[in-house]
Amino acid sequence: MRARGFKRGGVPVDHRAPFKTGPIENAFLPMNAIVQLREHRCAVEPIPVVSVGQEVREGQLLARSAGKASSNVHSPIPGIVRRIETTRTSGGFDSKAILVSLEGSFSMLGKRPERYLWKSLNKADISHIVQDKGIVRVSSGEPLYEILSERSDAPGFVMVVSALEMDPYRRTEEELLALRAEDVVDGCAIAARMALPARIMFAVDERIEPATLEPLRELAARSELDIAIQPFRRRFPQDLPGQIAEAMDIADPGTLFIIEPSTLVALHEAVVSNKPHIEQYVYVGGGSIKRPAILKARIGAPIGDLIEECGGFSGHPETIVIGGPFRGRAAADLDAPVTRTTRAVLALSPEETKSAPERPCVRCGDCVDACPEGLSPYRLLKLLRSGRPDDALAAGLGRCSSCGSCSYACRSRIPLVRYFDEARQNEVRR
Amino acid sequence: MNCTKLELRSYPPFIHDWKTSAKAAWICSATLVPVALWSSVLYGRIAVVTWLTAVAAALVAEAAASALTRRWTLGDGSAVLTGLLIAAAMPPGAPWYVPVASAAFAILIVKAAFGGLGANWMNPALAGVAFAYANWPAHMREYVLPRFVAGVDGVTAATPLTFAKGLAGGLDIKVMDALRGASYPLSAIDGAVTGFLNDSLFSRLSARLPDGYIDLIIGFKPGALGESALLAVALGSIVLVSLRLIKLEIPLAMLAVFGLLARLFGTGLPGEGFLAGDAMFAMSGGSLLLVAFYMAADPVSSPVGRGACLLYGASIGALSFVFRRWGAFTEGVAYAVLVMNVTVPFIEKAATGLRLKRGGVA
Ligand code: SF4
Ligand code: SF4
């Protein structure tokens with residue numbers, strides 16, 4: 001099938017860091033797990049239900065959802081609750097975190113998972129399990145039951161299972177499609193039972209291995225769902241809803257519900273094996289990592305542990321990034337914990353970051369060519385710098401998706417998207 | 001101050017394109033090195049001295065500007081590039097103070113006084129060259145013959161363009177033949193290569209390449225330093241374009257419009273009639289190519305946006321033609337670019353307006 005792509009701008013991702021595929025390993029259990037209760041700026045903090053000194057089992061509830069935009073949090077390891085305190089996260093906002101130190105025996109790792117036959121469950125049962133097990137959408141951190149039930153209220157949408165990984169590093173989703181296709185399709189069926197999409201589209205990379213694609217195709221055909229598999233061109237930011245919609249000639253990106261295989265796997269495990277969201281697939285890589293790998297890590301494990309399991313650093317990394325190279329965040333230090341939204345940990349060498357001193361804008365127009373929304377970033381910057389945020393909004397600042405393509409391309413290394421983000425935050429505050 | 005800098009660094013995206021403004025300037029400069037070498041072969045010591053003086057003066061001026069504004073900017077490569085471009089526009093053997101003054105004017109007045117790189121709305125190198133033409137018109141128009149043509153260094157001669165313009169020609173005589181008729185010096189190489197090409201290639205196409213064009217192309221003619229190495233300039237331009245360092249639309253539109261007009265109306269040379277202008281002569285003479293790729297397409301002083309760039313390039317081409325056809329001097333192209341530099345904001349507005357009218361987005 002013909003690969004589709006968005007129409008203008010973006011950054012080609014022709015080169016991908018070499019990676020040895022194979023079974024995904026479980027990371028070692030952390031001695032101390034720092035469980036962050038809030039995963040993103042807008043999340044509402046759940047209420048802790050344990051106290052310092054208390055012994056907890058693996059998977060035991062640590063904090064209960066406080067309602068909307070808040071999810072249950074479970075203990076990733078068996079142990080003792082040592083501290084409950086507010087810390088500054090790598091995302092730049094404050095969140096309460098519960099520190100559990102490893103002690104006692106495992107209930108999940110050793111035992112075979114129980115297998116429920118989910119087909120006999122109805123929508124309410126499933127919704128209850130998903131809420132109870134604290135499953136969040138890995139790409140956004142929103143509670144899954146919440147966004148699924150919102151969707152089920154407004155039928156006629158397209159569920160996009162997005163295995164698009166538009167950066168030179170991460171390929172977790174594609175690996176999951178290769179290794180756990182059955183669970184992904186099953187998870188998809190569970191999600192579909194809850195949210196009732198009009199149709200389902202698997203969004204895959206144009207250069208996906210046929211060995212991955214063929215079995216997936218068969219599974220999709222065998223399932224009772226209306227699943228189409230659509231390849232997309234590998235160009236950042238093809239993975240954003242706006243660009244997927246543009247590539248599909250869909251006018252309103254709001255009619256797309258995007259969910260990724262790793263979330264579906266977590267959903268599947270919650271419903272079928274009764275497992276809370278205490279694990280996360282993390283791609284550990286970048287030019288300064290000795291042996292890049294995908295690890296199945298426990299929530300709360302320090303990223304330094306994962307890096308060590310991948311052979312540690314080779315050379316001096318310039319930045320450690322949590323998340324993707326385009327839109328991730330710099331890790332404050334190596335003790336930063338894995339959360340349910342940590343999809344990658346990258347140690348980037350100076351050859352990769354290609355950072356350089358910021359210089360004045362030379363009007364080269366590279367940012368204009370890179371912007372997928374058809375904006376003129378250099379002009380927006382000029383307007384913002386001369387204190388005219390309203391004119392910047394009139395020139396399209398509101399349409400900026402913060403993708404960062406312009407900053408990537410800027411030959412004067414002006415952090416354009418930072419100015420845009422800040423301007424919009426100020427706008428909200430006004 | 002330091003703290004905000006650190007924070008800026010740690011903002012996504014964390015990876016970048018290989019291009020930086022400094023790298024772009026250094027690569028541009030590097031592509032001019034073959035030009036400098038070739039002209040040094042042609043003119044010997046006097047050429048070397050002019051190249052070095054211009055670059056040194058540019059560096060000193062930039063250092064002075066850095067010291068004044070307390071912003072160290074020598075590393076961004078733009079000063080060296082400006083120095084090289086000024087040297088390229090100098091006639092070989094120009095007195096040392098001409099390139100020095102041009103470079104100082106370019107960097108201290110045109111660039112630094114407007115707020116440094118990025119804020120200058122005029123191309124500094126071109127402004128420096130125009131400054132030299134205004135102050136030392138005689139020195140700037142005193143050309144010498146390459147030593148291969150004259151046999152010795154330092155024989156003065158008019159450029160083919162000036163020379164040809166001075167010739168009264170009938171319609172029946174081609175510009176090159178007119179030149180030769182007026183015993184304009186041509187090199188032995190030209191005779192040999194032209195003869196060879198005519199025998200082996202053009203005779204089969206039943207065409208004939210007149211003598212003299214080979215000289216024009218390889219630089220065996222009097223001219224500015226950068227003009228003499230047309231092939232090296234063309235090579236450098238290819239590098240700039242293929243690395244996407246410049247806005248290709250500008251030189252393309254400029255050369256296309258200029259060439260078309262020259263073909264249609266002629267550039268005031270002997271042997272030209274309506275629809276029979278000698279576009280090849282017009283385009284190989286003068287530093288058209290150098291100005292088109294290295295100065296008109298300079299990002300800072302040109303518009304942003306495809307439509308605006310096409311409009312801008314086309315206007316420069318048309319204006320250059322007007323200056324060349326009816327103006328007195330060969331440097332009309334430089335003035336054309338400077339004039340259009342001033343109009344950049346209007347051009348951008350016009351292009352945006354057009355796009356809006358067509359229903360596009362701003
Ligand atoms: S961050 Fe905004 S302005 Fe920059 S390229 Fe992306 S959409 Fe365009
Ligand atoms: S890419 Fe950077 S230097 Fe070039 S026009 Fe945009 S903001 Fe200016």
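Each value in this text was obtained by applying a stated rule to the coordinates, not by laboratory testing. A quick note: this is a predicted structure, and the numbers were derived from the prediction, not measured. Here the Cβ positions follow ideal geometry from the backbone for every residue, glycine too, while neighbour counts run over all protein chains shown.
For residue B:128, neighbours were defined as the other residues whose beta-carbon sits under 14 Å from its Cβ, and their charges (Lys and Arg +1, Asp and Glu -1) total -2. Applied to segment A:359-370, the Karplus parametrisation 6.51 cos²θ - 1.76 cosθ + 1.60 on θ = phi - 60° returns per-residue 3J(HN,Hα) values of 10, x, 4, 9, 6, 6, x, 4, 5, 5, 5, 8 Hz, with x for Gly and Pro. Proximity of backbone amide H atoms, modeled 1.01 Å from N, is registered between residue A:63 and A:49, A:73 at under 5 Å, excluding neighbours fewer than 5 places apart on the same chain. Amide H to amide H, with H built 1.01 Å from N, residue A:160 comes under 5 Å of A:201, A:257, A:258, A:259, counting only residues 5 or more places away or on other chains.
Phi-derived couplings, Karplus 6.51 cos²θ - 1.76 cosθ + 1.60 at θ = phi - 60°, listed residue by residue for segment A:391-405: 5, 5, 5, 5, 7, x, 3, x, 7, 4, 9, 6, 6, x, 4 Hz, with x used for Gly and Pro. Remark: spin-label model distance residue B:234-residue B:48 equals 2.8 nm, labels positioned 7 Å along the Cα→Cβ axis. Per residue of peptide A:411-421, the mean number of Cβ atoms on other chains within 10 Å of the residue Cβ is 4.
The alpha carbon gyration tensor of segment A:247-338 gives principal lengths a ≥ b ≥ c with a/c of 1.5 or higher and a/b no greater than b/c, which makes the shape oblate. FRET efficiency for the pair residue A:214 and residue B:96, taken as 1/(1 + (r/R0)^6) with r the Cβ-Cβ distance and R0 = 60 Å, rounds to 0.20. Around residue B:340, under 13 Å between beta carbons, what's the net of Lys plus Arg minus Asp minus Glu among the other residues? Here the charged neighbours net out to -2. Remark: relative contact order (segment A:266-383) = 25 percent; criterion is Cα-Cα distance under 8 angstrom and separation of 6 or more residues. With a simple spin-label model that places each label point 7 Å from the Cα along the Cα-to-Cβ direction, the separation between residue B:67 and residue A:355 comes to 3.2 nm.
Each label was represented as a point 7 Å from its Cα along the Cα-to-Cβ direction; for residue A:198 and residue A:26 these points are 4.4 nm apart. Cys residues of chain A that find no other Cys beta carbon under 4.7 Å: A:42, A:188, A:310, A:361, A:364, A:371, A:400, A:403, A:410. This model, with +1 at the C-beta of Lys and Arg and -1 at the C-beta of Asp and Glu, gives chain A a dipole about its Cα centre of some 780 debye.
Summing charges over neighbours of residue A:104, with a neighbour being any other residue whose Cβ is under 9 Å away from its Cβ, gives -2 when K and R count +1 and D and E count -1. Close amide H pairs (under 5 Å, H built 1.01 Å from N) link residue A:82 with A:53, A:99, A:100, A:101, residues at least 5 positions away or on another chain. Given the pairs A:123/A:275; B:23/B:247; B:247/B:349; A:20/A:290; A:20/A:354; A:382/B:349, which span a C-alpha to C-alpha distance of over 20 angstrom in this model? Flagged as over cut-off: A:20/A:354. Computed over segment A:1-68, relative contact order equals 23 percent, with contacts defined as Cα pairs under 8 Å that lie 6+ residues apart. Residue ranges A:387-397, B:253-263, A:280-290 sort as A:280-290, B:253-263, A:387-397 when ordered by packing (mean number of other C-beta atoms within 10 Å per residue, highest first).
Here the extension length gained between residue A:250 and residue A:425 equals 60.1 nm, from 0.36 nm per residue of separation less the Cα-Cα distance. Per-residue ellipticity at 222 nm computed for chain A from its helices equals -8500 deg cm²/dmol, with DSSP H segments shorter than 4 residues left out and the rest contributing -39,500 (n - 2.57). With a Förster radius of 30 Å applied to the beta-carbon distance between residue A:93 and residue A:49, the computed FRET efficiency rounds to 0.85. Can you give the FRET efficiency to the nearest 0.05 for residue A:101 and residue A:7, using r as the Cβ-Cβ distance and R₀ = 51 Å? Taking R0 as 51 Å, the efficiency between residue A:101 and residue A:7 is 0.45.
The mean sequence distance of close C-alpha pairs (under 8 Å, at least 6 residues apart), as a share of the length of chain A, puts its relative contact order at 19 percent. Per-residue 3J(HN,Hα) values for segment B:77-88, derived from phi via the Karplus relation 6.51 cos²θ - 1.76 cosθ + 1.60 with θ = phi - 60°, read x, 6, 5, 4, 4, 4, x, 5, 5, 5, 4, 4 Hz in sequence order (x marks Gly and Pro).
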